[in-house]
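This report concerns only the one structure given below.
The values are calculated or read from the model by the stated rules, or taken from the named source; none is laboratory data. Predicted model, so just to flag it, every value in this text is computed and none were measured. For neighbour counting, all protein chains shown are included, and Cβ atoms are generated from backbone atoms with ideal geometry for every residue, glycine included. Only protein heavy atoms, including side chains, enter the accessible area calculation; ligands, DNA and RNA are left aside. Shrake-Rupley method; radii C 1.70, N 1.55, O 1.52, S 1.80 Å.
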Amino acid sequence: MSKALEGIKILDMTHVQSGPTCTQLLAWFGADVLKVERPGVGDATRGQLRDIPDVDSLYFTMLNHNKRSVTLNPKTETGAKIFTRLIEECDVMVENFAPGAIDRMGFSWEKIQEINPRMIYASVKGFGPGPYEDCKVYENVAQCTGGAASTTGFLGGPPVVTGAQIGDSGTGLHLAFGIVTALFHREQSGKGQRVECAMQDGVLNLSRVKLRDQQRLAHGPLPEYSQHGQGIEFGEATPRAGNDSGGGQPGWILKCKGWETDPNAYVYFITQAAVWKNICDLIGRPEWKEDPGYAKPEARLDKIKAIFDAIEEWTMTLDKFDVMNLCNPLNIPCGPILSMKELADEPSLRNSGTIVEVDHPERGKYLTVGNPVKLSDSPSDVERSPLLGEHTDEILKTVVGLNDEEIAVAREEGAI
Ligand code: CAO
């Protein structure tokens, strides 16, 4: 079986998280990703959040699997020549430097097109065109400016950012989709094009149900928000909704047995209308099945908090996995709150390749995520991240076409 993106060469100028997420995904699918790093320095994340002295951090390794590393400074004369050759040879160039950094290296989009009209040039920036287009942006800035933070947290409390890296990894995923789309388009047009993803746009795309609710507010209160049932008025903007479900089926996080000492002894429970009768029987409230105050979803809306309190009385008597095991056969949607420890130890995630163990020459064995997208005919294996400049000579010889003497000169000049 061949890899889906075999034969595609990526000139990877990415660093930190958003861009590397994108190119790692393309590498998992079989693209040959050449990660260009500053000589002697490399991607800053190699040295950030280190757990072992002088060894590439997990932050770096978990974002740069299946890539080859070449050190190169395109700002030197020889470096610029080598970089030009790489642009000629590659199909896609990806970067997520601060706005203008690639232009300052002397490689504008116009110049890149001139060198290779088939090149797809993909960038992540914090913002699209507008007042903030020149700003540098990190994950939480994107979560805050993209609408996620204003709608996350509990009513009356401050905005909250989420641990899921929707600004960085989320935008990287959007970018990968844009690149593959542009590659598909190139098949017909023969031409490359520019692909741009702003982190603010990516976060807003993922927060769209909250923009939906913003517009619904113009027509009255949002009955499925539990604040409505508690008689709390809505303001002008979509409020923070705690653990309310983002959709039409009410849900909440409920305590399970052991919650007093285990911070993750909780379950997400959804009172899906279609299985209401099953829920009533399961929690010992069979009278709610026919009671006009509870039987229909609309009748329950002003009692959501009290209903979840009653369900919680039941879940608190059970282990979170027992809740799931009892609900599943009755088609009641729910999910235990799984800690990172529980996920790391979960055999089914190891079997599916969603969590994999990788061996690294300097750090030894560690866990990482595998490709979450599974293709039936194109497997993707996870290979360890490269050491800084591990493939410099190999790439300069086989892709750029330099000989040993030329490589030695480039090294002496500090170009590689
Ligand atoms: N050789 C020589 N110089 C290199 C180089 C190389 N191989 N690779 C990068 N550089 C230089 C760049 O040319 C740039 O120099 P100038 O500013 O003089 O032009 C500099 O290194 C790095 O640029 P930067 O401003 O992007 O880096 P930073 O650490 O200051 O900022 C970040 C980091 C992430 C805030 C910024 O890159 C950014 O806003 N990126 C876009 C948004 C994004 O992706 N954010 C998510 C990051 S993940 O949390």
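Among (1) assigned to a loop (DSSP other than H, G, I, E, B); (2) within 22 Å of Glu196 (Cβ to Cβ); (3) away from the ligand (no atom under 14 Å from the Cβ), where does Gly7 come up short?
Every condition holds for Gly7 apart from (2).
For segment 34-58, what are the residues that are under 29 Å from Ile82 (Cα atoms), outside any loop (DSSP other than H, G, I, E, B) and open to solvent by 30 Å² or more (accessible area, probe 1.4 Å)?
Result: Ala44, Gly47.
Taking segment 144-158 as the search range and keeping residues that are open to solvent by 50 Å² or more (accessible area, probe 1.4 Å) and over 14 Å from Asp201 (Cα atoms), which one is nearest to the ligand (Cβ to nearest atom)?
The selected residue is Ser150.
Show the residue pairs that are 6+ apart or on different chains and have beta-carbon atoms under 7 Å apart, the first residue being within segment 160-171 and of a type in the set (Ser, Thr, Tyr), the second being part of a loop (DSSP other than H, G, I, E, B) and near the ligand (Cβ under 8 Å from one of its atoms).
Ser169/Gln17
Taking into account only those residues within segment 243-264 that are over 21 Å from Ser207 (Cα atoms) and in contact with an Asp or Glu (Cβ under 9 Å, 6 or more places away or on another chain), which is most open to solvent (accessible area, probe 1.4 Å)?
In this case the residue turns out to be Lys257.
So that you can scan it fast, the table gives a plain yes or no per residue for (1) near the ligand (Cβ under 8 Å from one of its atoms); (2) of a type in the set (A, V, I, L, M, F, W, C); (3) part of a loop (DSSP other than H, G, I, E, B):
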{"site": "Phe97", "(1), (2), (3)": "yes, yes, yes"}
{"site": "Gly106", "(1), (2), (3)": "no, no, yes"}
{"site": "Glu114", "(1), (2), (3)": "no, no, no"}
{"site": "Pro117", "(1), (2), (3)": "no, no, yes"}
{"site": "Ala122", "(1), (2), (3)": "no, yes, no"}
{"site": "Phe127", "(1), (2), (3)": "no, yes, yes"}
{"site": "Glu133", "(1), (2), (3)": "no, no, yes"}
{"site": "Lys136", "(1), (2), (3)": "yes, no, yes"}
{"site": "Ala142", "(1), (2), (3)": "yes, yes, no"}
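Just checking, which of Val92, Val161 is more than 11 Å from the ligand (Cβ to nearest atom), open to solvent by 30 Å² or more (accessible area, probe 1.4 Å) and of a type outside the set (D, E, K, R)? Spell out how you get there, then give the answer.
Details: Val92 fails: open to solvent by 30 Å² or more (accessible area, probe 1.4 Å).
After ruling out the rest, the residue left standing is Val161.
Please indicate, with yes or no, whether at least one residue in segment 197-219 is buried (at least 18 other Cβ atoms within 10 Å of the Cβ) and more than 23 Å from Ser150 (Cβ to Cβ).
Within segment 197-219 (the criterion being buried (at least 18 other Cβ atoms within 10 Å of the Cβ) and more than 23 Å from Ser150 (Cβ to Cβ)), the answer is no, since none of the residues qualifies.
Only residues in segment 68-89 that are touching a residue at least 12 places away in the same chain (Cβ under 8 Å) count as the first member; pair them with residues that are basic (Lys, Arg) and within 11 Å of the ligand (Cβ to nearest atom), Cβ under 6 angstrom, at least 6 apart or cross-chain, and list the lot.
Ser69/Lys35
Here is a yes/no grid of residues against (1) of a type in the set (Phe, Trp, Tyr); (2) open to solvent by 50 Å² or more (accessible area, probe 1.4 Å):
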site	(1), (2)
Pro221	no, yes
Glu224	no, no
Gln227	no, no
Thr238	no, no
Ala241	no, no
Tyr266	yes, yes
Lys277	no, yes
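Take the residues in segment 240-287 that are farther than 19 Å from His228 by Cα and basic (Lys, Arg), then tell me which one is farthest from the chain's Cα centre (by Cα).
Arg285
Tally time: how many residues in segment 344-385 are in a strand (DSSP E or B) and either over 18 Å from Phe60 (Cα atoms) or of a type outside the set (A, V, I, L, M) (or both)?
Residues of segment 344-385 that are in a strand (DSSP E or B), as a first pass: 355-360, 364-369.
Now restrict to residues that are either over 18 Å from Phe60 (Cα atoms) or of a type outside the set (A, V, I, L, M) (or both): 357, 359-360, 364-366, 368.
Result for segment 344-385: 7.
Taking segment 27-52 on its own, how many of its residues are away from the ligand (no atom under 16 Å from the Cβ) and within 15 Å of Glu383 (Cα to Cα)?
6
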